[in-house]
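A.B. asks: Pasting a structure below so you can have a look.
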Amino acid sequence: MLFFSFLYPFLFNILPSMVHKYPKDLVFELLSLWRFGSPALEDSEVGYKKLPDFDALDELVSTCYQVSQMQEEARGLRFRIMLCEPEDVDRDGQGEPKGLFTLVFSESRPYNVYELLKLSPSTDYNNSLIGIRYRPSEGLQIWGLIHSGSKWMHAIHGGSKQATPLPSALGINVVGAGRLIVCRGQEILAQLSGGAIISPAMNVFQSQWVAERFGRVRDELALLHEQNPNTIKSQWAGIDSSFVPTLYLQFFKHVISTVRRSGHGGTIISVPAGMEELVANDNPYIDLKYRFAEDWARNQLKKIVLKIMEVMAKKYGKLHGPDYTAGWKDYVSLQTEELAQLDERIFKFARFIARLTGVDGAVVITEGLELIGFGAIIQGTMAMGGSVALALDPEAVRRQVELVESVGTRHRSLYYLCDKLQDVLGIVVSQDAKARVITWSRDIVTCWDVIPIDFT
């Protein structure tokens, strides 16, 4: 038995725990990620702002890290900073109508722990940033405040609103003790959290297996859209194949973010096509307390999405002709009252599903987001002596062993269900807002940690 335990990690390509990461490691990761893309040209309209030398970056990041672990008058600190000059903000004048502006101090302040500690409570995390400049002769200085508005939060919480444009400069978001997110403008590059550095390459929602799962829904909706009796092929534009998966991802983002912000946690069980009858009726795995009758309301998301596809096809066919293919960016930029109402219905439904998790038990949906019911009690938990695999990449090629005893009953129940029904996908959010995706993968129950960076 001991011999098998020793071999277990190697048989399943599961790795031991990783070494903890700190601010200097985040700087090295930042330098590597910043160079990956277009050239870092200092004053180019299309390039990224040039980064200062390593020591200045180390000071910038480590100061934020120190302040993140402090309190000001018993208040935890959450704030954002951006390394740029005042004139870099809204250089083309496109941001002012959307509420983007700067307030420059008459005299710059030194960039240090004390100044950040005192200044950060005056800024609202969702709406403002602290402007930082670097000059070799002066070092890092605080020059003022940047008002960005809150629409950038849609990258995390889900939604289709266009964010206020920010310069492609280095930003650091301090979201909690020892938790830093580094950005290039609105693009999240990496996060330091819990002693680990996570980049978008870890995003489970961009994995091939998730794409295949959404792919079945995409194909079904594409066929129904094609069969729309109102279709005029000579006048309607096409719809990009990635549109439906992207919209459904935004929906999931909004559900998870709403549960996170509720403070009570929750569980969502997604079953594949054909399994809804099993879970909706008496079975040995799930006791579903509140079951919804089969009518249009529980499957309303499909109808809303089909209507959105119709509106886009008509509008962009009229604008660009039938050879045009409309995608997510077109959806975001298209401003019509009808589309705005449909968009609002989607995210109201997402919030409705999220609030159902407030009842004891899980919410049960299909992979097409048809709402089966809620208050589902899983009839078993994984034994305390068991273990699961914690994925270290989206496809779970690299994993590490995690003992079941390290999590609570909510997680262990979902582990049990995914072991018994291996086509089920589970999302569990704990009371401390930590979220996991759980399913059966490569001969073992596997889970992925989900942090806000996964939603960019």
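The values are calculated or read from the model by the stated rules, or taken from the named source; none is laboratory data. The model shown is predicted, which means the values in this text are computed figures rather than measured ones. Neighbour counts are summed over all protein chains in view; Cβ atoms, including those assigned to glycine, are modelled from backbone coordinates with ideal geometry. These accessible areas exclude ligands, DNA and RNA; they are computed on the full protein's heavy atoms, side chains included. Shrake-Rupley method; radii C 1.70, N 1.55, O 1.52, S 1.80 Å.
A.B. asks: Go through (1) in contact (Cβ under 8 Å) with a residue 60 or more places away in the chain; (2) closer than 23 Å to Phe251 by Cβ for Leu334 and report which single condition fails.
C.D. replies: Only one criterion is unmet by Leu334, namely (1).
A.B. asks: Out of the residues in region 373-430 that are charged (D, E, K, R) and in contact (Cβ under 8 Å) with a residue 40 or more places away in the chain, state the one that is nearest to Asp360 (Cα to Cα).
C.D. replies: Among them, the one singled out is Arg410.
A.B. asks: Report yes if Thr231 is over 19 Å from the mean Cα position of the chain (by Cα), β-branched (Val, Ile, Thr) and either modelled with pLDDT under 85 or not in a helix (DSSP H, G or I) (or both), otherwise no.
C.D. replies: Criteria met by Thr231.
A.B. asks: Sticking with this structure for a sec: Working only within region 386-417, note down all residues that are at pLDDT 95 or above and among the β-branched types (Val, Ile, Thr).
C.D. replies: Scanning region 386-417 gives a single hit, Val388.
A.B. asks: While we're here: Please specify each residue of region 97-122 satisfying the condition of being outside any strand (DSSP E or B), surrounded by 14 or more Cβ atoms within 10 Å (Cβ to Cβ) and in contact with a His (Cβ under 9 Å, 6 or more places away or on another chain).
C.D. replies: Within region 97-122, Leu100 is the sole residue that qualifies.
A.B. asks: Can you say whether Pro165 is modelled with pLDDT under 85 and either surrounded by fewer than 21 Cβ atoms within 10 Å (Cβ to Cβ) or within 21 Å of Val61 (Cβ to Cβ) (or both), as far as the supplied structure shows?
C.D. replies: It is true that Pro165 is modelled with pLDDT under 85 and either surrounded by fewer than 21 Cβ atoms within 10 Å (Cβ to Cβ) or within 21 Å of Val61 (Cβ to Cβ) (or both).
A.B. asks: I've got another one for you. Just to verify a result, which residue in region 266-285, among those that are surrounded by 14 or more Cβ atoms within 10 Å (Cβ to Cβ) and assigned to a loop (DSSP other than H, G, I, E, B), is farthest from the chain's Cα centre (by Cα)?
C.D. replies: Asn283
A.B. asks: Go through region 99-127 residue by residue and tally those that are more than 18 Å from Ser150 (Cβ to Cβ), touching a strand residue (DSSP E or B) at 6+ places or on another chain (Cβ under 7 Å) and of a type in the set (Phe, Trp, Tyr).
C.D. replies: Selection size over region 99-127: 2.
A.B. asks: Here is a further query. Conditions first: (1) under 24 Å from Asp393 (Cβ atoms); (2) at pLDDT 85 or above; (3) of a type in the set (A, V, I, L, M, F, W, C); (4) open to solvent by 10 Å² or more (accessible area, probe 1.4 Å). Ile156 passes all but one, so which condition is the exception?
C.D. replies: (2)
A.B. asks: Another question about this same structure. Residues Val271, Val244: which one is under 18 Å from Gly361 (Cβ atoms) and touching a helix residue (DSSP H, G or I) at 6+ places or on another chain (Cβ under 8 Å)?
C.D. replies: The unique qualifying residue is Val271.
A.B. asks: Another question, if that's okay. Specify which of the listed residues (Lys289, Lys303) is modelled with pLDDT of 90 or more and either closer than 14 Å to Ala222 by Cα or out of contact with any Gly (no Cβ under 9 Å at 6 or more places or on another chain) (or both).
C.D. replies: Only one candidate qualifies: Lys303.
A.B. asks: Another question, if that's okay. So which residues in region 189-228 are under 22 Å from the mean Cα position of the chain (by Cα) and small (Gly, Ala, Ser), if there are any at all?
C.D. replies: Ala190, Ser193, Gly194, Gly195, Ala196, Ser199, Ala201, Ser207, Ala211, Gly215
A.B. asks: Would region 361-372 turn up any residue that is surrounded by fewer than 17 Cβ atoms within 10 Å (Cβ to Cβ), in contact (Cβ under 8 Å) with a residue 24 or more places away in the chain and not acidic (Asp, Glu)?
C.D. replies: The answer is no, given that none of the residues of region 361-372 is surrounded by fewer than 17 Cβ atoms within 10 Å (Cβ to Cβ), in contact (Cβ under 8 Å) with a residue 24 or more places away in the chain and not acidic (Asp, Glu).
A.B. asks: Next question. Since Asp295 meets every condition but one in (1) open to solvent by 30 Å² or more (accessible area, probe 1.4 Å); (2) touching a helix residue (DSSP H, G or I) at 6+ places or on another chain (Cβ under 7 Å), which condition does it not meet?
C.D. replies: (2)
A.B. asks: Now for a different question. Assess whether Ala211 counts as being among the small types (Gly, Ala, Ser), out of contact with any Asp or Glu (no Cβ under 7 Å at 6 or more places or on another chain) and either at pLDDT below 85 or under 16 Å from Ile304 (Cα atoms) (or both).
C.D. replies: Here the answer is no, as Ala211 does not meet what is asked.
A.B. asks: Right, next: Keeping to region 179-226, report how many residues are of a type outside the set (A, V, I, L, M, F, W, C), open to solvent by 10 Å² or more (accessible area, probe 1.4 Å) and in contact with a strand residue (DSSP E or B) (Cβ under 6 Å, 6 or more places away or on another chain).
C.D. replies: Summing the residues that are of a type outside the set (A, V, I, L, M, F, W, C), open to solvent by 10 Å² or more (accessible area, probe 1.4 Å) and in contact with a strand residue (DSSP E or B) (Cβ under 6 Å, 6 or more places away or on another chain) in region 179-226 gives 3.
A.B. asks: Restrict the check to region 246-264 and report whether at least one residue is open to solvent by 20 Å² or more (accessible area, probe 1.4 Å), of a type in the set (Phe, Trp, Tyr) and at pLDDT below 90.
C.D. replies: No, there is no match, as no residue in region 246-264 is open to solvent by 20 Å² or more (accessible area, probe 1.4 Å), of a type in the set (Phe, Trp, Tyr) and at pLDDT below 90.
A.B. asks: Let me confirm something: among Val424, Val407, Val428, Val401, which residue is touching a Pro at 6+ places or on another chain (Cβ under 7 Å) and crowded, with 16+ Cβ neighbours inside 10 Å?
C.D. replies: After ruling out the rest, the residue left standing is Val401.
A.B. asks: Between Leu301, Leu288, Leu306, which is in a strand (DSSP E or B), open to solvent by less than 50 Å² (accessible area, probe 1.4 Å) and not basic (Lys, Arg)?
C.D. replies: Residue meeting the stated conditions: Leu288.
A.B. asks: What number of residues within region 431-456 are modelled with pLDDT of 95 or more and open to solvent by 50 Å² or more (accessible area, probe 1.4 Å)?
C.D. replies: The total comes to 1.
A.B. asks: Still on this structure, please answer the following. For region 292-321, which residues satisfy the criterion of being touching an Asp or Glu at 6+ places or on another chain (Cβ under 7 Å) and farther than 21 Å from Leu371 by Cβ?
C.D. replies: Val311, Met312, Tyr316 - these are the residues of region 292-321 that are touching an Asp or Glu at 6+ places or on another chain (Cβ under 7 Å) and farther than 21 Å from Leu371 by Cβ.
A.B. asks: Mind telling me which of the residues Ala383, Ala362 ends up being modelled with pLDDT under 95 and of a type in the set (Gly, Ala, Ser)?
C.D. replies: The match here is Ala383.
A.B. asks: When you scan region 198-249, how many residues do you find that are of a type in the set (Phe, Trp, Tyr) and more than 19 Å from Pro394 (Cβ to Cβ)?
C.D. replies: Count: 2.
A.B. asks: With the condition kept exactly as written, say whether any residue in region 327-345 is under 23 Å from Thr439 (Cβ atoms) and not polar (S, T, N, Q).
C.D. replies: Within region 327-345, none of the residues are under 23 Å from Thr439 (Cβ atoms) and not polar (S, T, N, Q).
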